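The values are calculated or read from the model by the stated rules, or taken from the named source; none is laboratory data. All values derive from a computational prediction rather than experimental measurement. When we count neighbours, we look across all protein chains shown, and the Cβ atoms used for this are built from the backbone with ideal geometry, even at glycine. Accessible surface areas use protein heavy atoms only, side chains included; no ligands, DNA or RNA. Shrake-Rupley method; radii C 1.70, N 1.55, O 1.52, S 1.80 Å.
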Amino acid sequence: EVNAIKISYHEKVCQERMKTIFKVLDEMRLDIRSLKDDMSRGKGAAAIIILIGGLIGSAIYFLQK
């Protein structure tokens, strides 16, 4: 009976740990998704800046001739 109490207590402790682990994993998934979204926006912004820079550079080059 003492072992049954110890096992029951151990199961409760493990259950709380698992809840905490799953909560942390869910938070990490959200953080990773947010970072991926930020990276995608950053790539798009960089591409636009490079495109605009190229157009301005081309315009300046042709206007100097």
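Figures for the structure shown
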item	result
³J(HN,Hα) computed for each position of segment 41-48 - Karplus, 6.51 cos²θ - 1.76 cosθ + 1.60, integer Hz, glycine/proline x	5, x, 5, x, 5, 5, 4, 5
Accessible area, probe 1.4 Å, largest first, for residues Val2, Val24, Val13	Val2, Val24, Val13
Only Lys, Arg (+1) and Asp, Glu (-1) charged, at Cβ; the chain dipole about Cα centre in debye	280 debye
Probe 1.4 Å - accessible area at Leu55, Å² to nearest ten	110 Å²
Karplus 3J(HN,Hα) series, Hz, for segment 54-63 with 6.51 cos²θ - 1.76 cosθ + 1.60 (x for Gly, Pro)	x, 5, 5, x, 5, 4, 5, 4, 6, 6
Options Ser34, Val13, Gly53, ranked by Cα towards positive dipole end of the chain, top entry (Cβ charges)	Gly53
By accessible area with a 1.4 Å probe, ligands and nucleic acids excluded, highest first: order of Ile7, Ile50	Ile50, Ile7
The chain - accessible surface per residue (Å², probe 1.4 Å)	96 Å²
Loop-located GluC sites (Glu not before Pro) in the chain whose Cβ has at most 15 other Cβ within 10 Å (DSSP)	Glu1
P(r) histogram, all alpha-carbon pairs of the chain included - 5 Å bins from 0, percent	4, 14, 8, 10, 8, 7, 8, 6, 6, 5, 5, 4, 4, 3, 3, 2, 1, 1, 0, 0
Arg33 accessible area, 1.4 Å probe, all protein chains in place, Å² to nearest 10	140 Å²
